[in-house]
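Before any comments, here is the structure.
The values are calculated or read from the model by the stated rules, or taken from the named source; none is laboratory data. Note that this is a predicted model, so its numbers are computed, not measured. Because the Cβ atoms are built from the backbone with ideal geometry, glycine has one as well, and the counts that use them run over all protein chains shown. Side chains are part of the model used for accessible areas, which takes the heavy atoms of the whole protein and leaves out ligands, DNA and RNA. Shrake-Rupley method; radii C 1.70, N 1.55, O 1.52, S 1.80 Å.
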Amino acid sequence: MNCPQDWPEPIVRVQSLSEGGLNTIPDRYIKPPMDRPKPTTSLVETDPCSDANIPIIDMEGLYGDDCELRNSIVHQISEASKEWGFFQVVRHGVPPELLDRAREVWRGFFHAPMEIKQAFANSPKTYEGYGSRLGVDKVIDEYGRELVKLCGRLMKVLSINLGLEEDYLQNAFGGENIGACLRVNFYPKCPQPDLTLGLSSHSDPGGMTLLLPDQHVYGLQVRKDNKWITVKPAPHAFIVNIGDQIQVLSNAIYKSVEHRVIVNSDKERLSLAFFYNPKGDIPMEPAKELVTADRPALYQPMTFDEYRLFIRLRGPRGKTQVESLKSPR
């Protein structure tokens, strides 16, 4: 993909715009009317007071001696992955104090003076935001290690639920040589939250995402039955969502699901998204054990690197990216 040698316009950080006290947002951030976060039928799907929520699964008994409880947890994860593509996990084994510390460290970074943050700024020719070599705190290394372990446990459950060997998905990703990265999202206060989004509608292109949400400010919305459900985070929970690559490997038994982020006029919001992805050069295709005469392979082999380039060239298009790859039947 060709990039200009020099960025044609000055870089203006959204956080700086918000802190400058603007009463209106710049035109370039205004979404077309059909993409704005307004309820189309009723307030149910976007009302924080609604009871609607993604499934919440208690993982504490997953590796205990109670076989009935263990089977129940495995079944809950399976059903959530098929029906929602999203679920929350609580009592997942990652210490609550580590989650609190990670949020505290990153909130401190975003409230640091601009000259300090600017030293870590990415080039707009590549990605927005700040680079990964921040050295903010050793807690981030521990956080990453704990999340890799949690993802590994979830990958085994997902494999078993498909009737595959428990290490199938992990091996398909490259075994221990997988890709993982952390993206910290800071959404400042927005004076016109009904006109824009913090993150446009999309499904995650990778394997699996563990999101540590803001405990106090709602923002993530998941599309379910053509309605936008505002996720209400449980205390010290991770929000897990299936990515496009697991949808491909499962031959669409598991679903990656469209989601987006709304913004708030009164409060800032911080979230930590941990992406657990396959090694970039391994072809991803439906597991042969899941391909039958009645359910042929829905996808042709494509590496994760090829898929990332494919979606980058096409731009944000909701859930249509992975759906466009389905083989004609």
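Mind checking the full-extension length gain between residue 314 and residue 226? Use 0.36 nm per residue of separation minus the Cα-Cα distance, one decimal, nm. The partial results should precede the final answer.
On the way: separation 88, 0.36 × 88 = 31.68 nm, distance 2.31 nm.
Going from the current span to full extension adds 29.4 nm.
Each of the peptides 270-282, 65-77 was scored by the mean count of other Cβ atoms within 10 Å over its residues; in descending order, highest first, they stand as 270-282, 65-77.
In whole Å, what three semi-axes, largest first, describe the equivalent ellipsoid of region 194-329 built from its Cα gyration tensor (square root of 5 times each eigenvalue)? Walk me through the intermediate numbers first.
Values: eigenvalues 174, 46, 42 Å².
Equivalent-ellipsoid dimensions as semi-axes: 29, 15, 14 Å.
Our analysis of region 219-294 gives Rg over Rh at 1.07, with the two radii drawn from alpha carbon positions and Rh computed by the Kirkwood formula. Normalised radius of gyration (Cα atoms, divided by 2.2 N^0.38 Å) for region 143-217: 1.45.
Accessible surface computed residue by residue for region 155-236, with neighbouring protein chains in place and a 1.4 Å probe, gives 41 Å² per residue.
Roughly how many percent of the accessible protein surface of region 182-297 is carbon and sulfur, given a 1.4 Å probe and a whole-percent answer? Intermediate values should be presented prior to the final figure.
Numbers: 2050 of 4050 Å².
After summing per-atom areas, the C and S share lands at 51 percent.
When peptides 223-232, 210-219 are ranked by their average number of other Cβ atoms within 10 Å per residue, the highest-first order is 210-219, 223-232.
Pair-distance distribution of region 187-229: all C-alpha pairs, bin width 10 Å, starting at 0; shares per bin in whole percent are 19, 51, 28, 1. Determine which residues of region 146-166 fall in the zone a paramagnetic label at residue 70 would reach in this model, i.e. backbone nitrogen under 18 Å from the point 7 Å along Cα→Cβ. Of the residues in region 146-166, 150, 152-166 have backbone N under 18 Å from the label point off residue 70. Peptide packing for 161-171, 82-92 was compared via the average number of neighbouring C-beta atoms within 10 Å per residue; ordered from the highest value, the list is 82-92, 161-171. Simple spin-label estimate for residue 291 and residue 181 gives 3.0 nm between the two label positions (7 Å along the Cα-to-Cβ direction from each Cα).
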